[in-house]
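A quick write-up on the structure given underneath.
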Amino acid sequence: MIKEVAKHIFRLEIPLPQTPLKRLNSYYIQGKERDLLIDTGFNLPESRESLRTCLNQLGSKEERRDILITHLHSDHSGLVGEFAGPGSRIYMSQVDLGLLKKIVSHTMFQSMDSRYLQEGFPADQVKEFAKDSPARVTSVQKIDERFIPLSDGDQIQNGTYSLKAIWVPGHTPGNTMFWMEENGIMFTGDHILFDISPNITAWDGMEDSLGSYLESLKKAREYPVKLALPGHRESGDYQKRIDEILLHHKNRLQLAQDIVSQNPGLNGYEIAGRMKWKLNSESWEDAPIYSKWFALGECLSHLDHLRALGRIKRIQEGESYVYSQM
């Protein structure tokens, strides 16, 4: 489905099979000399054919198409190499581009898998998730000279549009929003979603990803946004939604701390199993592996932030971690 959300800006709904997200909002901006595609979808046939159909309906030509990627997740970047022409520019934050290179070289997820094992995630399920996860098996296959790294504040300009890169680490280390100041339009990617809460997970190399995310939300709140264009689902009241997300994490932090204080000695997997999630199952034990994987990642980001605040401590027992009150 194609919808014109502002003059010369179109939202393309790209299916995301095998994931509860269901669809990606890709955006297409028609410029005077070059056009800009924002995010692409999984490297899967369903996403590929939908994106190709939408671009054909818009009369998009490969030779004048550049691509901008809000962050490294494969539902946003998986098809970028395929839909960029030989002379296209692929814009992406320098931080996430470095991590995407690790994904392509198959070195990205080793440390993450190791931590999940230390936090109590069953070893057989870690192995199964690594083999079947769409996020891992549907990524871009090659990084080449078309990729152009962006830093905070960099501008992308082309007559009709001017976008400013706003670095908002948290959802990923290099997560970036893009600001069209003259129109009051913010492409929020997955930093701010309105119908669901962005997943904030523990990242290798980020001691406190949730802390970074909360600071990024406060940074994002300073912009006088008239129209927010998110990476998934519908838009809404920008300022109100930021306040709702801040309150959501405040409550979840308190819940995690209460679980630790009432049940000292639990590992991360056990703590996650006592938190409240929408898992599409009756119990934690019966939940799909991918649901428990993302829940544990979110739980760990809250535990890391509580540790950074000095409210709980992590104790190593052999090769495993457990938590207790300070």
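Quick notes on this one:
- Of the criteria (1) charged (D, E, K, R); (2) within 30 Å of M1 (Cα to Cα); (3) open to solvent by 60 Å² or more (accessible area, probe 1.4 Å), which one R241 fails: (3)
- Taken together, the residues in the stretch 49-89 that are over 18 Å from M1 (Cβ atoms), free of Cβ contacts under 8 Å to residues at least 60 places away in the same chain and crowded, with 23+ Cβ neighbours inside 10 Å amount to 2.
- Test: residue in the stretch 283-290 that is open to solvent by 60 Å² or more (accessible area, probe 1.4 Å), within 24 Å of E317 (Cα to Cα) and in a helix (DSSP H, G or I): no
- The residues of the stretch 147-170 that are open to solvent by less than 60 Å² (accessible area, probe 1.4 Å) and either touching a His at 6+ places or on another chain (Cβ under 6 Å) or on the phi > 0 side of the Ramachandran plot (or both), listed by number, are G153, T160, V168, G170.
- Within the stretch 207-218, the set of residues being buried (at least 16 other Cβ atoms within 10 Å of the Cβ) and closer than 27 Å to E182 by Cβ comprises S216, L217.
- Across the stretch 150-165, not a single residue is classified as modelled with pLDDT of 90 or more and closer than 25 Å to C299 by Cβ.
- Hey, D258 of a type in the set (D, E, K, R) and in contact with a helix residue (DSSP H, G or I) (Cβ under 9 Å, 6 or more places away or on another chain) or not: no
- Answer from D144, D124 - the residue that is over 20 Å from the mean Cα position of the chain (by Cα), more than 26 Å from D39 (Cα to Cα), surrounded by fewer than 13 Cβ atoms within 10 Å (Cβ to Cβ) and at pLDDT 90 or above: D124
- In the stretch 298-326, the residue that is most open to solvent (accessible area, probe 1.4 Å) out of those that are assigned to a helix (DSSP H, G or I) and among the aliphatic types (A, V, I, L, M) is A308.
- Condition broken by L279, with the remaining ones in (1) open to solvent by less than 40 Å² (accessible area, probe 1.4 Å); (2) closer than 24 Å to R136 by Cβ; (3) part of a helix (DSSP H, G or I) satisfied: (3)
- Here G59, G81 are screened, and the one residue that is closer than 29 Å to G159 by Cα and modelled with pLDDT under 95 is G81.
- Applying the criterion of being out of contact with any His (no Cβ under 7 Å at 6 or more places or on another chain), more than 22 Å from A287 (Cβ to Cβ) and among the hydrophobic types (A, V, I, L, M, F, W, C) to the residues of the stretch 16-41, the residue that is surrounded by the most Cβ atoms within 10 Å (Cβ to Cβ) is L37.
- Which listed residue, of P173, P224, is modelled with pLDDT of 95 or more, under 30 Å from L296 (Cα atoms) and of a type outside the set (S, T, N, Q): P173
- Residue match in the stretch 100-117 (condition: assigned to a loop (DSSP other than H, G, I, E, B), in contact with a strand residue (DSSP E or B) (Cβ under 9 Å, 6 or more places away or on another chain) and modelled with pLDDT under 95): no
The rows are residues; the columns are (1) basic (K, R); (2) closer than 21 Å to S139 by Cα; (3) in a helix (DSSP H, G or I).
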site: E4; (1), (2), (3): no, no, no
site: L12; (1), (2), (3): no, yes, no
site: L24; (1), (2), (3): no, yes, no
site: G31; (1), (2), (3): no, no, no
site: L37; (1), (2), (3): no, yes, no
site: S50; (1), (2), (3): no, yes, yes
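- Residue list for the stretch 284-306, restricted to those being in contact with a helix residue (DSSP H, G or I) (Cβ under 7 Å, 6 or more places away or on another chain) and among the acidic types (D, E): D304
- Filter result for the condition that a residue is over 19 Å from the mean Cα position of the chain (by Cα) and among the hydrophobic types (A, V, I, L, M, F, W, C), over L58, L100: L58
The values are calculated or read from the model by the stated rules, or taken from the named source; none is laboratory data. The model shown is predicted, which means the values in this text are computed figures rather than measured ones. Neighbour counts run over all protein chains shown; Cβ positions are idealised from the backbone, glycine included. Accessible surface is based on the protein model in full, side chains and every heavy atom, while ligands, DNA and RNA are left aside. Shrake-Rupley method; radii C 1.70, N 1.55, O 1.52, S 1.80 Å.
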